[in-house]
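One structure below.
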Amino acid sequence: MTVRYAALTNVQFLMPETTLTALELQGGETWASLRQAAREARLYGPGKANSQLTILTAVKARVAGLEPELVKLLASGSLEERQLLNLALVTRQKQVLLDFLAEVVVPAWQRLHRHVTDADARAFLTHKAEQEADVAAWTPATMQKTRGNLTRFLQDAGVLKEVRKGEYEMVAQYLTPTIKEAVSQVSPRLALLLEQLK
C-alpha cells in the first residue's frame, strides 16, 4: 500500500545543502563520492557524519534523476529560481504541502486575503485527517511538527513571510520563463498554483 500523505517531520527545506550538492554534481562529483564526504563529515561544513548522511539521503531523494539543466539551475540559478525549484522537488514527495497551497493559500489569495496563520494550517490538517487515513494515523506530535513545517517550508521557498508569530503574509510570485518551465517539469500542479499567486 502506498502512502499518499507523508508527514513533514524529519527533514527540512535544505536550500543551502541542495545548492551545494548540485554544485558538486555539476563539478563532476558522483553520489558515491558525496556519500564518502558526508561519511567523513566534510560535505556540509561542520556537523556530525550521521546528520550529514541524513541530509545527503534527503537531498538525493529529491535531486537524483533530475535533468542536467535542472541540476544546473539548482546550482547556479537566482535565489528565487533555486527556492521554487526546490519547493517543486519537495512537493513531489510531500502531497500535504501541495494540498495546503491548493486548498488554503491560493483560495485565500483569490479572495484578496493576503495572510495565512498557524490556525489555518491546524484547521487544514484536521480536515485532512477526516478525509485521509494516512493523516488520521499521525500522532499528535507528528501533526504538530507538520503544521509548523507547512508554513516554514513556504517561508523558505519565498511564498510566505512571517509578519508576527503565527501569522504569515503571502508573497506574490512572478515566474521567469526558465523557472516556470523547470517547475512545470518537476511538479506541474505546483506551477499552476504559483501562477495564481501574482
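Taken over the range 1-54, the criterion of being of a type in the set (D, E, K, R) and in a loop (DSSP other than H, G, I, E, B) is satisfied by 4, 29, 40, 42, 48. In the range 2-53, the qualifying residues are those that are out of contact with any Asp or Glu (no Cβ under 9 Å at 6 or more places or on another chain), open to solvent by 80 Å² or more (accessible area, probe 1.4 Å) and modelled with pLDDT under 90, and the one that is farthest from residue 130 (Cα to Cα) is 46. Is one or more of the residues making up the range 95-102 open to solvent by 30 Å² or more (accessible area, probe 1.4 Å), within 24 Å of residue 174 (Cα to Cα) and out of contact with any Ser or Thr (no Cβ under 9 Å at 6 or more places or on another chain)? Yes, there is a match, as at least one residue in the range 95-102 is open to solvent by 30 Å² or more (accessible area, probe 1.4 Å), within 24 Å of residue 174 (Cα to Cα) and out of contact with any Ser or Thr (no Cβ under 9 Å at 6 or more places or on another chain).
The values are calculated or read from the model by the stated rules, or taken from the named source; none is laboratory data. Everything quoted here is computed from the prediction, not taken from an experiment. Quick reminder, even Gly has a Cβ in these numbers, built from the backbone with ideal geometry, and neighbours come from all protein chains shown. Calculation scope for accessible area: heavy atoms of the full protein, side chains included, ligands and nucleic acids excluded. Shrake-Rupley method; radii C 1.70, N 1.55, O 1.52, S 1.80 Å.
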